[in-house]
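Notes follow once the structure below has been shown.
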Amino acid sequence: LTTQANDFIADLSLSRSEAIRRASNVVICKQGGSVSSPSCSTTAAWGAGWVVFADTDSNGALASNESVLRIRQSLDGGNTLNAISGTNSIVFANTGLTTLSSGEIGMRFCDTRLGSNAVTVWVNFTGRARIDRTAMASCTS
C-alpha cells in the first residue's frame, strides 16, 4: 500500500508542477482504456489505474491531441483504490491549485488480505497532498 500511495502522490506532484509549467489544466482521471490507448472513465474503478494528461482544451476529457504525461496500470496484490467523495478525476489549474472551491478529496488505498489495512491520500484545494495512515476506516467507501 505504501508504494502505491507514494506513486499516487508522485503523480499528484507531477500534475501540479506540469499545470504550472504548461499554464494549463492537468488532469488525473480513472483509466478507462489501455496503456496503448488511454482514456478517462466515469465507470471504471480507480484501482484499475489512472491517467495523467495535459488538458489543453480544459474540458476534462482526454483528446487525441493532448499529451499523456503518465499512465498507471491496475494496482497489484488485489489492492483497491476508492475516492471517498466519489470523484472521477482531480484537476489542477495553471495556478497549481485544484479546481475544488474548498475542502479535500480523499483517495483510500485498501489491502484486505490481512485484515483491513488502509492508507488515505488527501488532496486539498490548494493542491497539497498528504498521507493519513491513521484512518483505518472501512475499505468499502
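The values are calculated or read from the model by the stated rules, or taken from the named source; none is laboratory data. The structure displayed is predicted, hence computed values, not measured ones. Reconstructed Cβ throughout: ideal geometry from the backbone, glycine too, with neighbour counts over all protein chains shown. Just the protein is used for accessible areas: all its heavy atoms, side chains included, with ligands, DNA and RNA removed. Shrake-Rupley method; radii C 1.70, N 1.55, O 1.52, S 1.80 Å.
Quick notes
- Residues of the stretch 46-79 classified as more than 19 Å from PHE92 (Cα to Cα) and touching a residue at least 24 places away in the same chain (Cβ under 8 Å), total: 9
- The strands (runs of 3 or more DSSP E) found wholly in the stretch 1-115 and carrying at least 3 residues that are open to solvent by 20 Å² or more (accessible area, probe 1.4 Å) occupy 68-72.
One line per residue, one yes/no per condition, for (1) among the hydrophobic types (A, V, I, L, M, F, W, C); (2) touching a Ser or Thr at 6+ places or on another chain (Cβ under 6 Å):
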site: SER15; (1), (2): no, no
site: GLU18; (1), (2): no, no
site: LYS30; (1), (2): no, yes
site: TRP50; (1), (2): yes, no
site: SER58; (1), (2): no, no
site: ILE71; (1), (2): yes, no
site: ASP76; (1), (2): no, no
site: THR87; (1), (2): no, no
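- Options LEU14, LEU81: the member that is touching a helix residue (DSSP H, G or I) at 6+ places or on another chain (Cβ under 8 Å) and not hydroxyl-bearing (Ser, Thr, Tyr): LEU81
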